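In what follows, a structure is listed as structure tokens, so that the remarks can point back to it.
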Amino acid sequence: MAMTQQEAIALVRQILAARDDDELTQIISLNLSRVDGTFFGVLNASVQQLQREGKPNIARALQAVGDRMLRMKTLI
């Protein structure tokens, strides 16, 4: 089932709100099967927005999570 734009935004927000790596890992594992091009498009737009807002550390961390999810997705 394809992910909607709203679902993708909600998931990016969940990832950004994760308190620690354990919570982040849980969020990823619960949602990995659903992530698709829509999610990665929203994630990339979010990274660019964070960079524009002068939050490069958060942008890099979010990009790293996206890269990790993409690697995991290609292994499934």
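The values are calculated or read from the model by the stated rules, or taken from the named source; none is laboratory data. This is a predicted model, so every value here is computed, not measured. When we count neighbours, we look across all protein chains shown, and the Cβ atoms used for this are built from the backbone with ideal geometry, even at glycine. These area figures cover heavy atoms from the full protein model, side chains too; ligands, DNA and RNA do not enter into them. Shrake-Rupley method; radii C 1.70, N 1.55, O 1.52, S 1.80 Å.
List of remarks:
- Test: residue in the range 26-39 that is of a type in the set (D, E, K, R) and open to solvent by 90 Å² or more (accessible area, probe 1.4 Å): no
- When we screen Leu30, Leu11, Leu24, Leu50 for residues that are touching a Leu at 6+ places or on another chain (Cβ under 8 Å) and in a helix (DSSP H, G or I), the only hit is Leu50.
- Candidate set: the range 53-76, residues that are of a type in the set (Lys, Arg) and open to solvent by 90 Å² or more (accessible area, probe 1.4 Å); chosen: the one farthest from Arg13 (Cα to Cα): Arg71
- Where a residue in the range 51-76 is free of Cβ contacts under 8 Å to residues at least 24 places away in the same chain and its partner, wherever it lies, is open to solvent by 90 Å² or more (accessible area, probe 1.4 Å), with Cβ under 7 Å and at least six apart: Ala59/Gln51
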